[in-house]
């Protein structure tokens, strides 16, 4: 048992923290958000240059063969700096589908573009009525000749407006909530019949609602088994949740630091407000919440390698519950302890709160995952 | 980073489990599972079994009977002990006064006291808190005045756990009234059979008798019973309280209780179905299990850190253990209360005896709920813990 980072992991952490410290302060972030698409291609290229976009891919695919811990390190750093670039959608999610389900041809076609930073992706999964159930799919993929025809509507697709390629979940057979009959398809975003309506999200990222009308793709568009894609979808969704937990820990960590710094310097009644015990105890409770979340983020990171899918899902769901509770407390109290200034767009603290809030509602909120663990027989079993 | 136990650690866990399975008297295990109090004889019998195996004072240095285990082995041992469940070693002797004696005591004191602590030949109790000195312990007023080769001790201690069984007490006494409050305190040990020592029981809200008031009226104690240096007692007290950082989370205790909750909730019916099938109850239970998993991981982080970097610089996460550990213990007792609902009401005045076979399993649930309010108060209340985090960790 060892919680320390290896020498290589420590160096990775130093390099990503260093890069973001130089290139991603709050003012730089504001600048990046005003660029085309709402994020910085130049920054993305820097991530590519440092090898960060190729981390999880096998060396034979041109990557570094890094594991879950490395992704955790990067996501925590991205969370601290409130990075708006599409790492999760491109490297973690699309990369995950390709790594775990892609054919040799698909890997060769798509992975190099991720690693060198030239291509980004979006995950078109959420539907009007699906909420958090990954198997609740109405969008259809019908066989036509060798290929497929995709029809349906997807919502809040992160990086959907900018993505070169969309990873789309679609039903190849069965009814809306059948667990069998779901496939995963790679669809070029400029394919005929794809309509995208993009918009900024609450936390400064960008997303799109996307309509697929008679979109024709080849047989090579399907990742894995088009009639039984749910296990793959669940695995990649778990990896995305693990990454979100780490990002949240990074954001909470920084949020608490900023808050403690603020109450040490803000004076009222002639003294620093951090000298008041009610505020000290609140900050202490924020620390407790953060450390409990950090522990579960580590637990989930380790769980990504569990061979038993049920065990993995239960561990990841448990982590999302703890992180969800912690982020709500830390996020809300960070604003409270900042007082009026915390309510303003100019202060960084509110942006942590907004990102944290959106993380809770991505790929299952606290109640959703609590129910999953509960219905699965609990965590001790 | 690797959160799995090594092969050796897993083998060690098996060895520990096997030993408990073959050596913990079943009656003791049953009583603990049902939240009953054990008699002095039962506890001492078990501790001597442990000591015979060489596991009485596991974390002491080898020369005084310790095991030389790694921090992870200590963790595993404690976890298995708590979750079996079997009685933990008597903290006052093994975890508190023992380490003070082998660290600050003289050779004669080590020879005289340590083997007797290990075998529980002496039952020790702790003389720290006083009626006017709880969280503000350094304001204590009990005095020890030197007269020739003797101390004359006067004053009162309170919340003295299981003093009714005790042979010996370690006591913080004021030995210099003119010094600043932390500076004039000495650490003195003496026999509870000394003339002038009176023990008065305090009945707690659960009806039990765990704690006592202890009065000292001109108690004569040999001067050589001073541990370490005169007026340095506060340093030793801080050392003592900082010594057991990880055991305080009591993760194993809560684990065992959660297993019991699942078992009982599957048996007891409410609304025509087992309580466990009520989604609201089940989600509360699951939420508690998740909190405990997080705490277990936090505890492991602290343990691994101490193993690697020594105990000198505490891991900041260690201050989380007391707060969360106590909250979770209290939640488990609340969940038990929910399971039995209206059947929590009957009060058995002799519930403590534990030998009455006619008492069913519900008897100790309400008392245990009432009793567990103590865990966020003792050992430095949770408010004191928050003070520690805000000062020592956050620098406020």
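A few comments on the model shown:
- Residue A:311 meets the stated requirement of being at pLDDT below 95, part of a helix (DSSP H, G or I) and out of contact with any strand residue (DSSP E or B) (no Cβ under 9 Å at 6 or more places or on another chain).
- Single residue of A:247, A:239, A:254 found to be surrounded by fewer than 23 Cβ atoms within 10 Å (Cβ to Cβ), at pLDDT 95 or above and assigned by TED's automatic domain parsing to the domain that holds residue A:338: A:254
- Sole residue being in a helix (DSSP H, G or I) and without any contact (Cβ under 8 Å) to a residue 60 or more places away in the chain, chosen from A:43, A:47: A:43
- Scanning segment A:47-63 for residues that are surrounded by fewer than 17 Cβ atoms within 10 Å (Cβ to Cβ) and either within 20 Å of residue A:93 (Cα to Cα) or touching a helix residue (DSSP H, G or I) at 6+ places or on another chain (Cβ under 8 Å) (or both) yields a count of 7.
- Taking segment A:239-274 as the range and being outside any helix (DSSP H, G or I) and out of contact with any helix residue (DSSP H, G or I) (no Cβ under 8 Å at 6 or more places or on another chain) as the test, the residues that pass are A:268, A:269, A:270, A:271.
- Qualifying position, being closer than 27 Å to residue A:70 by Cβ and modelled with pLDDT of 95 or more, among A:349, A:335, A:359, A:341: A:359
- Screening segment B:12-96 for helices (runs of 4 or more DSSP H) wholly inside it with 3 or more residues that are surrounded by fewer than 17 Cβ atoms within 10 Å (Cβ to Cβ) returns the ranges B:26-33, B:40-53.
- Among the residues listed as A:328, A:320, the single one being away from every other protein chain (no Cβ under 11 Å), out of contact with any strand residue (DSSP E or B) (no Cβ under 6 Å at 6 or more places or on another chain) and on the phi < 0 side of the Ramachandran plot: A:328
- Scan segment B:285-321 for residues that are modelled with pLDDT under 95, facing chain A (nearest Cβ under 10 Å) and part of a helix (DSSP H, G or I) and the total you get is 17.
- Qualifying residue in segment A:271-292 (condition: within 30 Å of residue A:68 (Cα to Cα), within 20 Å of the chain's Cα centre (by Cα), free of Cβ contacts under 8 Å to residues at least 60 places away in the same chain and more than 8 Å from chain B (Cβ to nearest Cβ)): yes
- Those strands (runs of 3 or more DSSP E) lying entirely in segment A:70-175 with at least 2 residues surrounded by fewer than 22 Cβ atoms within 10 Å (Cβ to Cβ) and within 17 Å of the chain's Cα centre (by Cα): A:147-158
- Selection from segment B:97-121 of residues that are under 17 Å from the mean Cα position of the chain (by Cα) and either free of Cβ contacts under 8 Å to residues at least 60 places away in the same chain or not in a loop (DSSP other than H, G, I, E, B) (or both): B:97, B:98, B:99, B:100, B:117, B:118
- Meets criteria (within 30 Å of residue A:317 (Cα to Cα) and either crowded, with 17+ Cβ neighbours inside 10 Å or in contact (Cβ under 8 Å) with a residue 12 or more places away in the chain (or both)) for residue B:268: yes
The values are calculated or read from the model by the stated rules, or taken from the named source; none is laboratory data. None of the values given here were measured: they were computed from a predicted structure. Every residue, glycine among them, receives a Cβ derived from its backbone with ideal geometry; neighbour counts consider all protein chains shown.
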